[in-house]
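The values are calculated or read from the model by the stated rules, or taken from the named source; none is laboratory data. Not measured: the values here are computed from a predicted model. FYI the Cβ positions are ideal-geometry reconstructions off the backbone, even for glycines, and counts take in every protein chain you see. Accessible surface areas use protein heavy atoms only, side chains included; no ligands, DNA or RNA. Shrake-Rupley method; radii C 1.70, N 1.55, O 1.52, S 1.80 Å.
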Amino acid sequence: MLSRVAVLQKLLQPETQYLHRNILLKVKTKHITLSFTRYLTNNKEYKKMVDPKRVVSYEDMLKVIHQPEKVIIDVRNPDEVTNTGKIPSSINIPLSTVHDVLTSMSDEEFKRQYQRGKPSSSDELIFYCQSGRRSSEALDKALKLGYSNSKTYLGSWNDWSSKQK
């Protein structure tokens, strides 16, 4: 008799995605690494399931903006930041460049571009975007790169800007 995992391995092909009842199942390898994503009702946006210990609230952000040792990173595109504004003390590193900036950019270049020191792998990084999707992706990238104290502000700019009025 086959185990449930063995049955799944036979049924699910590597590098494929399956959508069922608003849950996206991503199969990465034949040894089954599963990633579940919950789609919102409009199916255009989604929020990745994030460990609650890695989520920062609006109230947390009100404190964090006054703690310069913590690095708040806006992963939206520069034109979005220009058009809407940003959370105080945050720096803009678009999602498409997060990996390269954290791995390849020199300390000197980082300081020149962002007017602060490049974070070390032990520093707390807090990512945000417009709605939380891209910040969750940035969190995943940072954790894979060894930035173990990384978090995401899932409410992101939508939450921040609505509560600042």
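Some observations on this one:
- With both labels modelled 7 Å from their Cα along Cα-to-Cβ, the Ser96 to Val81 distance reads 1.5 nm.
- FRET E, pair Ser161, Val50, Förster distance 25 Å, beta-carbon r, rounded to 0.05: 0.75
- Ordering Ser104, Ser136 by accessible surface, largest first, gives Ser104, Ser136; the 1.4 Å probe counts only protein heavy atoms, with every chain in place.
- Rounded to the nearest Hz, the phi-derived 3J(HN,Hα) couplings of the range 148-161 under the Karplus curve 6.51 cos²θ - 1.76 cosθ + 1.60 (θ = phi - 60°) are 6, 9, 7, 9, 10, 9, 5, x, 6, 4, 4, 5, 4, 5, where x marks glycine and proline.
- Flagged links, alpha-carbon separation over 22 Å, of Lys86/Lys111; Lys53/Lys111; Lys63/Lys163; Lys63/Lys144; Lys53/Lys165: Lys53/Lys111; Lys63/Lys144; Lys53/Lys165
- Separation of alpha-carbon centers, the range 104-149 and the range 51-95, rounded to whole Å: 11 Å
- Long-range amide H partners of Lys151 with built H, under 5 Å: Leu125, Ile126, Phe127
- Solvent exposure, largest accessible area first (probe 1.4 Å, DNA, RNA and ligands not counted), of Lys165, Lys53, Lys111, Lys70: Lys165, Lys53, Lys111, Lys70
- Near the amide H of Asn92, within less than 5 Å, lie the amide hydrogens of Asp74, all on another chain or at least 5 residues away, with H placed in the peptide plane.
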